[in-house]
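Student: First the structure, then my questions, so here it is.
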């Protein structure tokens, strides 16, 4: 009996010890997590206040509340009923399908993920891979947009890196919700992107119930003035040129309405054009191959292959750059440049009534394509020039297998003059710092300097700018084995001509236009 009692007592002691350890662990974990969470939240709050970030409170709305709003939406319920009748399934089963769509689409925005984890990841990755040059002056224009307006950034789509770039470049101004293709619906990408506020969309998916859920979610966040970003082309460019605009998301946004003081008055919508350009797109080999094969769209498998190629390649590039940094030979993989256009209200490019009065789907789609084309034109107007794109255009336009340095400089100078006459800008980073400083000094002295002497010094600065641009582009293209240099001659490697065409196409559209005139 005593042995049984002793054994029972020992067992109780063991259970008590285990419970004590578990409770102690949970208490310590709670204390540590709470401490760092409070610390991070204070840091995030300070960041938001310091930069006067235009933050959308609705993004913090609990996902269950949004889910409930969508499930009680009349159009969504109608599509649930029609799906049940059409497929001869119980209403509950069709409703479960709608819930799955909602769970898939609706993000779980997290301040810490966006402003701490997201910013750190984007900052480290981008700055190790590229020199990021952002049009800070243009970005400040967003602060002048009325608080009661829905802001929509419309951008061209060059690389899967664009998603990180968007989060990084706008972090200090606003938090953006943007659409991500279904290729990112794999662990752990889905968790990361959803915590950043991105929502997933299925391309070419025909289920009316799915589109009812997607449409009403986008309209819901639009009515609540959640700032959004749209890659208007809908997919990556294969040849460097612009693709035709996609109008699905645009349609959902333009049909958004909200009472702004009077019932049913339309939401004020302001578009901000954003032009993106790279010296080196990490997946350019895949894109160029698809271009030459005549492939115009990527499957989910292609997207995943492209993205994971970046993931596999990035650690290697990061390691190489880290070693270069330690040895004082840091070399980014060229520029990624971002330029902002002037914000344009919807009323300046379209009459909302034309959409409401459209009698057929074809008429409505035609009006949407007009708006999409106008927005795409605004985006193309602000695509920045990068060193590689300028040299590539020079070699394609004027090179015939080889080009001397003097001839190359002369052609680059001529091309840059034509491009700048059409309001295109060469985005200049830290390598141009000394030249930019001299330019600012000349500008400040303009009022008391002799005109002839000032123009002479400006011409000298422009020559230095062209030479620096050529040097940067040649270094990168030689390193990539796209061109080779012998003495003062630049030689095109014949089987790499497609690469030069691709990067030349990113700015070639400027040459097909008349000299730019101001737009309202």
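The values are calculated or read from the model by the stated rules, or taken from the named source; none is laboratory data. Keep in mind the model is a prediction, meaning the values are calculated, not measured. Every residue, glycine among them, receives a Cβ derived from its backbone with ideal geometry; neighbour counts consider all protein chains shown.
Student: Quick one: is residue 500 exposed (fewer than 14 other Cβ atoms within 10 Å of the Cβ) and either over 30 Å from residue 445 (Cα atoms) or over 28 Å from the mean Cα position of the chain (by Cα) (or both)?
Tutor: On the way: exposed (fewer than 14 other Cβ atoms within 10 Å of the Cβ): no; either over 30 Å from residue 445 (Cα atoms) or over 28 Å from the mean Cα position of the chain (by Cα) (or both): yes.
No: the conditions fail for residue 500.
Student: Restricting to the range 481-508, what's the tally of residues that are over 16 Å from residue 393 (Cα atoms) and in a strand (DSSP E or B)? I'd like the intermediate steps shown before the answer.
Tutor: Here is the first cut: in the range 481-508, the residues over 16 Å from residue 393 (Cα atoms) are 481, 484-489, 495.
Cutting the leftovers down to in a strand (DSSP E or B) gives us 484-486, 489.
Residues in the range 481-508 being over 16 Å from residue 393 (Cα atoms) and in a strand (DSSP E or B): 4 in total.
Student: If I filter the range 183-201 for residues that are modelled with pLDDT of 80 or more, farther than 20 Å from residue 224 by Cβ and in a helix (DSSP H, G or I), do I get at least one hit?
Tutor: no
Student: Tell me whether the range 508-519 contains one or more residues that are surrounded by 11 or more Cβ atoms within 10 Å (Cβ to Cβ), touching a helix residue (DSSP H, G or I) at 6+ places or on another chain (Cβ under 8 Å), within 22 Å of residue 410 (Cβ to Cβ) and at pLDDT below 90.
Tutor: First, the residues of the range 508-519 that are surrounded by 11 or more Cβ atoms within 10 Å (Cβ to Cβ): 508-511, 513, 516, 519.
Next, from what is left, pick out any that are touching a helix residue (DSSP H, G or I) at 6+ places or on another chain (Cβ under 8 Å): 508-511, 516, 519.
Next cut, within 22 Å of residue 410 (Cβ to Cβ) only: 508, 510-511.
Still in the running and at pLDDT below 90: none.
Checked against the condition, which is being surrounded by 11 or more Cβ atoms within 10 Å (Cβ to Cβ), touching a helix residue (DSSP H, G or I) at 6+ places or on another chain (Cβ under 8 Å), within 22 Å of residue 410 (Cβ to Cβ) and at pLDDT below 90, the range 508-519 yields no hits at all.
Student: Next question, about the same structure. Which condition number does residue 424 fail, the rest of (1) modelled with pLDDT under 85; (2) farther than 30 Å from residue 487 by Cα; (3) surrounded by 14 or more Cβ atoms within 10 Å (Cβ to Cβ) being met?
Tutor: Going through (1) modelled with pLDDT under 85; (2) farther than 30 Å from residue 487 by Cα; (3) surrounded by 14 or more Cβ atoms within 10 Å (Cβ to Cβ) one by one, residue 424 breaks only (1).
Student: Next question, about the same structure. For the range 413-469, which positions are outside any helix (DSSP H, G or I) and within 24 Å of residue 131 (Cα to Cα)?
Tutor: The initial filter retains those residues of the range 413-469 that are outside any helix (DSSP H, G or I), namely 422-429, 445-450.
Once the filter is applied, which keeps residues that are outside any helix (DSSP H, G or I) and within 24 Å of residue 131 (Cα to Cα), the range 413-469 yields 423, 424, 425, 426, 427, 428, 429.
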